[in-house]
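Beneath this line is the structure, given in structure tokens, with notes to follow.
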Amino acid sequence: MRRAEIPMHGQPADWTAICAVTDIPPLGARRVARPQGMAVAVFRTADDRVFALLDRCPHKGGPLSQGIVHGDAVACPLHNWTIALADGTARAPDEGCTPAFACRVDGGRVWLDATELATKALDLPAPVAGPCSKQPSCA
Ligand code: FES
């Protein structure tokens, strides 16, 4: 992956190039593996906006990267919860959220914050089968 300094909100940050926007299927996602922690799912909307969430549904840990994007949300492939792409929150009446990652598009390429990739949400447990239990928050 290529790294570069791209300012965001007036602050310099360390961004990592992930792929071209066109490498992500429209209304789909691409999975970004990390050396530690669960993978990050990078989603593409119908109008080519891009968002990144931990690839873990807040319900029972389903792979959000295998869900279908509709509007600004993704439907989990396991039980069809709807998760907002901007902040990872489940839409009512469901509750919970999955961590969101800073993401930007520049020059037709998708960039993720390298520090977040290396440090964010590393301690979330792997999904487990069985009855639903309260899931950790996004904090
Ligand atoms: S695991 Fe995603 S809706 Fe149940």
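Values quoted throughout were computed directly from the atomic coordinates according to the rules given, and no laboratory measurement underlies them. The structure presented is a predicted model; accordingly, all values stated were derived computationally and were not measured. So basically every Cβ, Gly included, is an ideal-geometry build from the backbone, and we count neighbours across all protein chains shown.
Using the Karplus relation 6.51 cos²θ - 1.76 cosθ + 1.60 with θ = phi - 60°, the per-residue 3J(HN,Hα) values for segment 44-50 come to 10, 8, 4, 9, 6, 7, 10 Hz, with x marking Gly and Pro.
Karplus-derived 3J(HN,Hα) values for segment 58-63, using 6.51 cos²θ - 1.76 cosθ + 1.60 with θ = phi - 60°, are x, 6, 10, x, x, x Hz; glycine and proline are entered as x.
Fewest-first ordering of L78, L64, L117, L122 by other beta carbons within 10 Å of each residue's beta carbon gives L122, L78, L117, L64. Scalar couplings 3J(HN,Hα) for segment 25-35, obtained by applying the Karplus form with A = 6.51, B = -1.76, C = 1.60 to θ = phi - 60°, are x, x, 6, x, 8, 10, 9, 10, 6, 10, x Hz; x denotes Gly and Pro. A Förster distance of 41 Å, applied to the separation of the beta-carbon atoms of A33 and A92, puts the FRET efficiency at 0.80. Residues whose amide H comes within less than 5 Å of that of A73, counting only those at least five positions distant or on another chain, are L85 (H built at 1.01 Å from N in the peptide plane). In segment 43-87, a dipole from Cβ-located charges (positive for Lys and Arg, negative for Asp and Glu) runs towards its positive end, and of L53, N80, F43 it is N80 whose Cα lies farthest in that direction.
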